[in-house]
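Single-structure report; data block below.
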Amino acid sequence: MNDEARMKTSSSQTKDRPSKNPDAPIAIVHGTALIGRQLVSDAVILVRNGKIEAAEAAKEAAIPREARRIDATDCFVAPGFIDIHIHGSGGCRAEDDAAGMARHVIRSGTTWFLPTFISNEFGRMLAAIDRVRACVGRVKGGAVIGGIHLEGPFLNPKYGAQRPETNVEPELQLARQLIECCGDCLRLVTIAPERCGALDAIRAFRAAEATVSIGHSDATESEYLAGRAAGITHATHLFNAMPPRSWPTIQTYAGVKTAGIEELILADDGISADILSDATAAHVHPSLLKAALKCKGAAKLSLITDAMVSAGLPCGEHKMADGQSVFTTPNEDVARLTSGGLCGSVMTMSGALRNFLKHTGAPLEVALTMTSEAPARAVNVFERKGSLASGKDADLVLLDRDLNVRSVMIAGRIEFNPQGSDFG
Ligand SMILES: [Zn+2]
């Protein structure tokens, strides 16, 4: 018996006597669904052949007689979470076990993600790309591996937790090697545009149809604008690893506030951003979370996990791909280096969603847009992912009223359903 069939049927199913045909359409009924950017109560999501056929209020919906029904009473139905920045999860690292990550992140509602590489010795990065390429796409019992995010090696070594010596100048020949090695799997590249040769590398990544993101950078205004002109359209973990302009001293203060990268990004309507919202607001202060949302809007501000290998494991010491140790402690969901410095998180996407709601008081529909539409737009997959709309892939998460993940559907199949037959 498959998962859908195990689900408790609604009373209307009995009444309508649906077909036992496993290829029959699925109707998710009675839930509160994110449709567009609004929550619609008593919605019907009709799924057929792995795609969403319709998503609308029940009074407008025509449910085919043969449809199998999933009763989502007291649940939210949202597009599956999309995580464009995740280094590891459940003991698996992006560089050596992306498929293991896929099977772990689905448990917290992620349906599509980009295994994210840190800067490392160049040959090791190429070997790791080969390993991920071999498993890009559907993973049985797991989330979809959407491609690769290279968070390096062309970063400014002064900022972030990565080993400084692994951050190299973005020579065009190195960029081309990475592009060639990734093939069509390269989705996102984080780069510091102030580095020598960065503009040609940005143009090459854009030509390869990757999204290029500014990050781990202290670009000046002119360097920022040159990076934008070359093809940067996104910003990586806004407010982290991008220092604010230094304050003038009392002697040099001329009464004018200068703009740093953060302000340039906030004021620039042409660039989207992603942001970290951990439980203790260790990465980003709640006021800055709110300011970012006001400036960018929900569809241009993605929630990310930036999760490390230790996400979902007991507190303790774990190793990153570059050999550095990361530590986790109780009472926070961030990872730290030996020095105590921040080094990503051990969050899940559902955790990031909860944290953001807690810190900002934003409406749920806003935060759910930030876990689906915004990241899908940032990496140019919104045509087929990131919202409940006709023709899109049927990647869905069902959350209970407390936002616990109840069930996850990928391409029309229930791939995670911990409550089993009790669901419904
Ligand atoms: Zn990262």
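The values are calculated or read from the model by the stated rules, or taken from the named source; none is laboratory data. Treat the numbers as computed from the prediction; the structure is a model and nothing was measured. Here the Cβ is made from the backbone with ideal geometry for all residues, glycine too, and neighbour counts use every protein chain on show.
Flag: D96 does not match the condition of being surrounded by fewer than 21 Cβ atoms within 10 Å (Cβ to Cβ) and at positive phi. Restricting attention to region 108-130 and to residues that are part of a strand (DSSP E or B) and under 18 Å from L396 (Cβ atoms), the residue that is farthest from the ligand (Cβ to nearest atom) turns out to be T111.
In region 336-347, is there at least one residue being assigned to a strand (DSSP E or B), without any contact (Cβ under 8 Å) to a residue 60 or more places away in the chain and either more than 16 Å from the ligand (Cβ to nearest atom) or assigned by TED's automatic domain parsing to the domain that holds L368 (or both)? Yes: region 336-347 contains one or more residues that are assigned to a strand (DSSP E or B), without any contact (Cβ under 8 Å) to a residue 60 or more places away in the chain and either more than 16 Å from the ligand (Cβ to nearest atom) or assigned by TED's automatic domain parsing to the domain that holds L368 (or both). From the list H216, H234, the one residue that fits, being at positive phi and modelled with pLDDT of 95 or more, is H216. Does A282 satisfy being within 16 Å of the ligand (Cβ to nearest atom), crowded, with 20+ Cβ neighbours inside 10 Å, in the same structural domain as R206 (by TED's automatic domain parsing) and not aromatic (F, W, Y)? When the stated conditions are applied, A282 does not pass them. If you go through region 60-107 and keep only what is within 16 Å of the ligand (Cβ to nearest atom), touching a Ser or Thr at 6+ places or on another chain (Cβ under 6 Å) and assigned to a loop (DSSP other than H, G, I, E, B), you end up with H87, A94. Of the residues making up region 156-191, those that are at pLDDT 95 or above and in contact with a strand residue (DSSP E or B) (Cβ under 7 Å, 6 or more places away or on another chain) number 11. Residues in region 265-286 that are among the hydroxyl-bearing types (S, T, Y) and in a loop (DSSP other than H, G, I, E, B): S277, T280. Evaluate the following for A241: is it within 16 Å of the ligand (Cβ to nearest atom) and aliphatic (A, V, I, L, M)? Against the criterion (within 16 Å of the ligand (Cβ to nearest atom) and aliphatic (A, V, I, L, M)), A241 qualifies.
A single entry from R133, R187, R195 fulfils the requirement of being among the basic types (K, R), under 18 Å from the mean Cα position of the chain (by Cα) and either surrounded by fewer than 24 Cβ atoms within 10 Å (Cβ to Cβ) or within 16 Å of the ligand (Cβ to nearest atom) (or both): R187. When region 348-378 is filtered for residues that are in a loop (DSSP other than H, G, I, E, B) and under 21 Å from A311 (Cβ atoms), the ones remaining, listed by number, are T348, T371, S372.
Figure legend. Inter-residue proximity from region 147-162: first residues in contact (Cβ under 8 Å) with a residue 12 or more places away in the chain, second residues aromatic (F, W, Y) and within 12 Å of the ligand (Cβ to nearest atom), beta-carbon distance below 9 Å, spacing 6+ or different chains. Indicated pairs: I148/F117; H149/F117; L150/F117; E151/F117; G152/F117; P153/F117.
The residue of region 137-174 that is farthest from H234 (Cα to Cα), among those that are under 18 Å from the mean Cα position of the chain (by Cα) and surrounded by fewer than 22 Cβ atoms within 10 Å (Cβ to Cβ), is V139.
For region 36-56, the candidate set comprises residues that are in contact with a helix residue (DSSP H, G or I) (Cβ under 7 Å, 6 or more places away or on another chain) and part of a strand (DSSP E or B); within that set, the residue that is nearest to E383 (Cα to Cα) is Q38. Among the residues of region 219-249, those that are surrounded by fewer than 22 Cβ atoms within 10 Å (Cβ to Cβ), in contact with a helix residue (DSSP H, G or I) (Cβ under 7 Å, 6 or more places away or on another chain) and part of a loop (DSSP other than H, G, I, E, B) comprise G231, P244. Just one of the numbered conditions (1) part of a helix (DSSP H, G or I); (2) at pLDDT below 95 is not true of L199: (2).
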